[in-house]
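Shown next, in structure tokens, is the structure this report addresses.
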Amino acid sequence: MTELRQRVAHEPDAPPEDKESESEAKVDGETASDSESRAESAPLPVSADDTPEVLNRALSNLSSRWKNWWVRGILTLAMIAFFFIIIYLGPMVLMIIVMCVQIKCFHEIITIGYNVYHSYDLPWFRTLSWYFLLCVNYFFYGETVTDYFFTLVQREEPLRILSKYHRFISFTLYLIGFCMFVLSLVKKHYRLQFLFIFLFLQFGWTHVTLLIVVTQSHLVIHNLFEGMIWFIVPISCVICNDIMAYMFGFFFGRTPLIKLSPKKTWEGFIGGFFATVVFGLLLSYVMSGYRCFVCPVEYNNDTNSFTVDCEPSDLFRLQEYNIPGVIQSVIGWKTVRMYPFQIHSIALSTFASLIGPFGGFFASGFKRAFKIKDFANTIPGHGGIMDRFDCQYLMATFVNVYIASFIRGPNPSKLIQQFLTLRPDQQLHIFNTLRSHLIDKGMLTSATEDE
């Protein structure tokens, strides 16, 4: 913008439209660069000390370092207890909690954007943000309902119509939001809005936030449907790594890890890795023995409720593995009995401890860019909900990709559900094709075909 103004200043015969465009970029004697400087220097809310008074009194004699250690520890135990409670309440409650966490994280990020750029007087910033959140949730969860509640959807006429035209309705809702965005453009700020603000700050800010928050929470729900173990183990590994990295760093940390997070140390990073791998193996061993954790979450049409009862797959059956000779000489064992899922848990815990923290580093860079300590002050000693789930969202994507790549196979029940919705002639054609295929494979005899 500065180069454009200099060029116009040295071209006295500039066309009228160029001068008019320049006047649009300068409103009431204020240039675009002035507006940017004003926005960057705008003070952001400072997180207040929201530690409960009872803890403040109990820990008043401790130094700030140890006081923070105890506050974080006590609140961490409280959150872990809450996590156990919602697991006990079942998959439906877990889905509701995921939705609530998603909304709170979205609110925290959008609030930061509004506080930083409210000086631009952008119309409908928060309205459009929440509208797009509604649209994206309608699209993703509509897809999930159609996929996992197929029989229920086909049984109810309104749901069947919504399912059939789901993507068209979703696109229509998105177009309405897009038109609202265009209508919110202010004449005197066209150049600023398109070049500097709206495409990046409002339209882009909202869409990137939706990508980070809503898409990842949708993947969390998908992981849950594969079996609660695919939900609990990854989340627990991230929690374990967060706690153990903090503990190792607090007591042994000496070497800084990354400039984005000055308090992170190599000692905490490495200690957290080994502790998380061991924790993942132990937790996987315990959970693999219970059907309620390993069975896929399915909807029972007869009882109108979720069921988690099945015959466990080979992934959750104890098997005997030979130990490499080098390790045999150390531990004295030739074989070990373990669940195949425990081997997968090593991949999950490794990602949670080596790659997962980069979600936290990204969040730290984001907060430093806007000169804030935490996303919010919802949890004393921990910051906002987004501060606790910055690594979880990255983990959710990895688990979903991992399941699709190495675990999930064709689902017979879903194929049958789709088969039953076809026309009779289409069903007969598939039946004859399948029968011929089975005869060629020798699984059916020609006598069976004649019958």
**OP:** Specify the residue that is nearest to Y138 (Cα to Cα); the eligible residues are those in the range 162-211 that are small (G, A, S) and either modelled with pLDDT under 80 or not assigned by the TED database to the domain that holds G142 (or both).
**Re:** G204
Original post:
Which of the residues belonging to the range 99-154 are open to solvent by 30 Å² or more (accessible area, probe 1.4 Å), of a type in the set (S, T, Y), at pLDDT below 75 and in contact with a His (Cβ under 9 Å, 6 or more places away or on another chain)?
Top reply: none
**OP:** Pull up the range 228-265, narrow it to residues that are surrounded by 20 or more Cβ atoms within 10 Å (Cβ to Cβ), outside any helix (DSSP H, G or I) and not polar (S, T, N, Q), then point me to the one that is farthest from the chain's Cα centre (by Cα).
**Re:** G253
Subject >> Conditions (1) at pLDDT below 90; (2) over 25 Å from the mean Cα position of the chain (by Cα); (3) outside any loop (DSSP other than H, G, I, E, B); number of the one not met by H218 >> reply: (2)
Original post:
Consider F269 against the criteria (1) more than 21 Å from G73 (Cα to Cα); (2) at pLDDT 90 or above; (3) open to solvent by less than 50 Å² (accessible area, probe 1.4 Å): it satisfies all of them except one. Which criterion is unmet?
Top reply: (1)
Original post:
Has the range 58-68 got at least one residue that is assigned to a helix (DSSP H, G or I) and crowded, with 18+ Cβ neighbours inside 10 Å?
Top reply: yes
**OP:** For the range 280-312, enumerate the residues that are assigned to a loop (DSSP other than H, G, I, E, B) and open to solvent by less than 60 Å² (accessible area, probe 1.4 Å).
**Re:** S288, G289, C295, P296, V297, N301, V308, C310, P312
**OP:** Return a yes/no flag: does the range 407-428 have any residue that is in contact (Cβ under 8 Å) with a residue 40 or more places away in the chain and farther than 30 Å from E157 by Cα.
**Re:** yes
Original post:
So which residues in the range 321-350 are within 19 Å of G280 (Cα to Cα) and assigned to a strand (DSSP E or B), if there are any at all?
Top reply: Y321, V336, R337, M338
Original post:
S261 is checked against (1) over 24 Å from D374 (Cα atoms); (2) in contact with a helix residue (DSSP H, G or I) (Cβ under 8 Å, 6 or more places away or on another chain) and fails just one. What number does that condition carry?
Top reply: (1)
Original post:
Restricting the range 351-387 to residues that are in contact (Cβ under 8 Å) with a residue 24 or more places away in the chain and among the basic types (K, R), which is farthest from L282 (Cα to Cα)?
Top reply: K371
**OP:** Test G365 against the criterion of being in contact with a Leu (Cβ under 6 Å, 6 or more places away or on another chain) and more than 24 Å from V233 (Cβ to Cβ), and give yes or no.
**Re:** yes
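The values are calculated or read from the model by the stated rules, or taken from the named source; none is laboratory data. Since we're looking at a predicted model, the values are computed, not measured. Reconstructed Cβ throughout: ideal geometry from the backbone, glycine too, with neighbour counts over all protein chains shown. Heavy atoms of the whole protein, side chains included, go into the accessibility calculation; ligands, DNA and RNA do not. Shrake-Rupley method; radii C 1.70, N 1.55, O 1.52, S 1.80 Å.
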